[in-house]
Amino acid sequence: QVQVVESGGDLVQPGGSLRLSCATSGISFNQYIMSWYRRGPEKQRELVAHITTQRSTSYGDSMKGRVTITRDNAKNTVYLQMNNLKPEDTAVYYCRAGRGAEEYWGQGTQVTVTT
């Protein structure tokens with residue numbers, strides 16, 4: 001059974017930082033492209049970042065320069081370090097594991113940026 005479980009979401013003030021984690025099981029993690037997406041209130045889902053099996057990274061425009069995605073193949077986990085958070089970063093953040101047409105999603109973790 002495949003599991004994708006996000007954690008690390010929290011309530012944080014503007015300018016703060018968070019590190020999200022996405023732990024997986026049931027897949028050969030090192031064969032999957034790992035991605036973070038988010039969906040804000042009344043917004044469409046958007047790509048935040050992804051990291052390939054070769055650790056090549058790509059970032060969406062909305063958070064570029066403020067986020068870093070990394071992966072630990074030994075722990076089957078991908079991370080998203082987010083800095084200088086803004087109220088508009090408030091969203092549910094989702095982790096996706098993808099290999100070709102195969103994909104698995106987590107349930108999401110809530111990030112709220114507010115004073």
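The values are calculated or read from the model by the stated rules, or taken from the named source; none is laboratory data. Only a predicted model underlies this, so the values are computations on that prediction, with no experimental measurement involved. With ideal geometry, Cβ positions are generated from the backbone for all residues, glycine too; neighbour counts draw on all protein chains shown. SASA here: full protein model, heavy atoms, side chains in, ligands and nucleic acids out. Shrake-Rupley method; radii C 1.70, N 1.55, O 1.52, S 1.80 Å.
Return yes or no: is VAL4 over 20 Å from THR114 (Cα atoms), open to solvent by less than 40 Å² (accessible area, probe 1.4 Å), at pLDDT 95 or above and of a type outside the set (Asp, Glu)?
Values: over 20 Å from THR114 (Cα atoms): yes; open to solvent by less than 40 Å² (accessible area, probe 1.4 Å): yes; at pLDDT 95 or above: yes; of a type outside the set (Asp, Glu): yes.
Yes: the conditions hold for VAL4.
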Positions within region 9-52 being free of Cβ contacts under 8 Å to residues at least 24 places away in the same chain, open to solvent by 50 Å² or more (accessible area, probe 1.4 Å) and part of a loop (DSSP other than H, G, I, E, B), in sequence order:
SER28, GLU42, GLN44
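Using the structure shown, decide if TYR79 is under 25 Å from GLN13 (Cβ atoms) and at pLDDT 95 or above. Please lay out each step first, then the result.
Numbers: under 25 Å from GLN13 (Cβ atoms): yes; at pLDDT 95 or above: yes.
Spelling it out, TYR79 is indeed under 25 Å from GLN13 (Cβ atoms) and at pLDDT 95 or above.
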As an exercise: evaluate THR57 against (1) closer than 16 Å to ASP10 by Cα; (2) out of contact with any Gly (no Cβ under 6 Å at 6 or more places or on another chain); (3) of a type in the set (S, T, N, Q) and give the number of the one condition it does not meet.
(1)
Name, by its number, the condition in (1) under 13 Å from the mean Cα position of the chain (by Cα); (2) farther than 28 Å from GLN1 by Cα; (3) part of a strand (DSSP E or B) that does not hold for MET63.
(3)
Could you tell me how many of the residues in region 93-110 are open to solvent by less than 60 Å² (accessible area, probe 1.4 Å) and more than 11 Å from the chain's Cα centre (by Cα)?
2
Filter result (out of contact with any Gly (no Cβ under 6 Å at 6 or more places or on another chain), part of a strand (DSSP E or B) and open to solvent by less than 50 Å² (accessible area, probe 1.4 Å)) within region 68-92:
ILE69, ARG71, ASP72, THR77, VAL78, TYR79, LEU80, MET82
